[in-house]
Amino acid sequence: MMLRTLCRRSAAILQQTQQSAPRLWVTPAQQRWASTLPMNTVVLFVPQQEAWVVERMGRYHRILEPGLNFLIPVLDKIRYVQSLKEIVIDVPEQSAVSLDNVTLQIDGVLYLRILDPFKASYGVEDPEYAVTQLAQTTMRSELGKLTLDKVFRERESLNSNIVHSINQASDEWGIRCLRYEIKDIHVPPRVKESMQMQVEAERKKRATVLESEGTREAAINVAEGRKQSQILASEGEKAEQINKAAGEAQAVVAKAEAKAKAIRLLSDALTEQNGNAAASLSVAEQYVSAFSNLAKQTNTILLPSNTGDITGMVTQAMTIYSTLAKTTPATSVEAAQVKKEELPDFLVSPEEQRTQ
């Protein structure tokens, strides 16, 4: 009777303890902490990537490796079962205040692994829960160092800072945090609207700047085109004037050479036989031609007293020519030669240059 009463009281006390114990949030990865520990059946088979912590008479004895293991009944007891796989923990959403006093709702995912089963068993009561709480507090402290704009731009650096802070504290627990990733960042609705307005204003600003830069580039291109066209036009005009001047100079030289050649031929013709007769014929032709052009270019007309006596006019012209030819001294020929040497090269014929 007393044994039955004792069993009932023990069951009632155990039920009250389970009801009064605080219920912490538990993820699927943490439910294994509440699972039933393996019983000591003397012969045990430990699965791969698990570590079973064994106590002998309440004191740490050893860690069972994967495979076949033997334990002493009653004395040995499996106290902890640690998984050596990579554990994924969902960090619940929490509020944090940024450097510019904006309240954010942020959550993340934590990836960790147990490196030392002894420290994970005896260094902290619940290692996964401890790491999760450490991740939350570290996240709040790191977000408090950044403004809202930098939170969105520097997600990678924020994650690395959280991992570094967690590893500094979790080394004593035998746990290594591999990485931390922020899943979602929620901002208040009014802040979100202001951010959208800021983005629209920034895009309008960029559009205006790009349009103004396009207008400036177009104006610069037009000015450069006009400048190049004026330069090309001036260079063309310069080349045209140079070519024109060179053509005129060549024409003057050609005329001078032709005239000199004509005079030379005329001189040679006059020295030959019947040269005077040829000169008389030429003077008579010029006289007739001059009278044929009277009153065509001007209204002033000068007529000789004997316009009908062509023979007398020719005879008079030949007499003047003969007198000039006889009275011209030899020194005049030398003076002409000196003057010819003083003339520019382009007024001297190539034949005369060769003779010089």
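Just a few scattered comments:
- Of all residues in the range 102-136, those being at pLDDT 85 or above, open to solvent by less than 70 Å² (accessible area, probe 1.4 Å) and among the charged types (D, E, K, R) number 2.
- Scanning the range 179-191 for residues that are open to solvent by less than 80 Å² (accessible area, probe 1.4 Å) and assigned to a helix (DSSP H, G or I) yields a count of 1.
- Close pairs (6 angstrom Cβ cut-off, 6 or more residues apart or separate chains): in a helix (DSSP H, G or I) in the range 196-222, of a type outside the set (A, V, I, L, M) anywhere: none
- Extreme residue, farthest from residue 177 (Cα to Cα), among residues of the range 70-101 that are open to solvent by less than 20 Å² (accessible area, probe 1.4 Å) and in a loop (DSSP other than H, G, I, E, B): 71
- On the stretch given as the range 141-178, residues that are surrounded by fewer than 13 Cβ atoms within 10 Å (Cβ to Cβ) and touching a helix residue (DSSP H, G or I) at 6+ places or on another chain (Cβ under 6 Å) total 0.
- Given (1) closer than 30 Å to residue 148 by Cβ; (2) open to solvent by 100 Å² or more (accessible area, probe 1.4 Å), index of the condition residue 208 fails: (2)
- Qualifying residue in the range 46-67 (condition: touching a Gly at 6+ places or on another chain (Cβ under 7 Å), over 30 Å from residue 147 (Cβ atoms), surrounded by 16 or more Cβ atoms within 10 Å (Cβ to Cβ) and not small (Gly, Ala, Ser)): yes
The values are calculated or read from the model by the stated rules, or taken from the named source; none is laboratory data. Computed from a prediction, not measured in an experiment: that's the story for all the values here. Cβ coordinates were reconstructed from backbone atoms using ideal geometry, including for glycine residues, and neighbour counts include every protein chain displayed. Note: accessible area is taken over every heavy atom of the protein model, side chains too, but ligands, DNA and RNA are not part of it. Shrake-Rupley method; radii C 1.70, N 1.55, O 1.52, S 1.80 Å.
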